[in-house]
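Notes follow the structure.
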Amino acid sequence: MRTSYHNHSKWSDGIASIEQMALAAKNAKLDEFGISDHYIEAPFDNSEIAEWCLDVNRVDEYVEDALDVKKRLETDTFKVKIGLEVDFFQENADEVAKKLKKYPFDYLIGAVHFSGTFPIDLSAESWKPLEQEKIDEIWRIYWKKIRLAAASGHYSFIAHLDLPKKFLFLPEYDYSDDAFRALRAAKKADVAIEINTAGWAKPCKSPYPAANILAYACEIGVPALVSADAHEPEHVDRFYDEAEERLRQAGYRKTACVFDKFVRTIP
Ligand SMILES: [Zn+2]
Ligand SMILES: [Zn+2]
């Protein structure tokens, strides 16, 4: 079984409509497609966020669009699911989760794109002027946020663990323990993780997260699924063969999860 739940459309920073993305998944013979545009309510001023994120006042329209695509494209062998990739901020996570409860989502992805106010994955340029000490601090804050996001229980799965490696500004300390601690929180809160294949096409040239983190996740029983984090139709199942192989190497026997109105099953 193959699902692709982490995908973006024009509602946030993707280049295609939800329908075009779903059609690509259907043509690629995936069993399930899910749309998960960016939803960000940052507790600080950042005017750039609006440029790549769903307008928080237009969630109704986004859901309507997705429901319409679902109605038109679903068959017995192809399902369309509705989600969001929600940025976690400790300051307002409960409030945001409560607000999103009124929509008919199948799943929510918990993500961390900001360490404090620092945009982790926006550009290499933002990392370049930083001293090593600052880089280490960004990583530590990142992992703490991931751990709190997992522990909150608000999300179906946590996105792209170890995302700060994207531009290869790595910490001097070994972050495995931070990652393992976050995974134990995920296990306790019964939250899954993804192997996000987009990293293969980024300067880090490897999926998120690294192999040792996946192996630990498998060892302690955190479910995992393959995600493409596609921003264009051609990418809905990009590097899926490689990612499934990675999961198997990490010890996983199942490489997909299914989410239906927040109920997770492992097919
Ligand atoms: Zn993301
Ligand atoms: Zn994404």
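Please treat every number below as a calculation from the coordinates, not as lab data. What you are looking at is a predicted structure, and each value in this text was computed from that prediction instead of being measured. Positions of Cβ are generated from backbone atoms using ideal geometry, with glycine treated the same way; all protein chains shown enter the neighbour counts.
Below, the figures for the structure above:
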item	result
Model label zone, residue 78; criterion: amide N under 20 Å from point 7 Å along Cα-to-beta-carbon; scope the stretch 1-20	1-10, 15-20
Loop chymotrypsin sites (Phe, Trp or Tyr not before Pro), the stretch 1-78 (other Cβ atoms within 10 Å of the site Cβ: 10 or fewer; DSSP)	44
Order of 115, 17 under a 10 Å beta carbon neighbour criterion, fewest first	17, 115
Other-chain or far-sequence residues with amide H under 5 Å of residue 114's (modelled H)	120
Residue-averaged [θ]222 nm for the chain, counting only DSSP H segments that reach four residues, each worth -39500 (n - 2.57)	-11000 deg cm²/dmol
Burial ordering of 246, 58, 253, 2, fewest other beta-carbon atoms within 10 Å first	253, 58, 2, 246
Inter-label distance, nm, simple model (7 Å from Cα along the C-beta direction), residue 67/residue 52	3.1
Neighbour-count order for 255, 197, fewest beta carbons within 10 angstrom listed first	255, 197
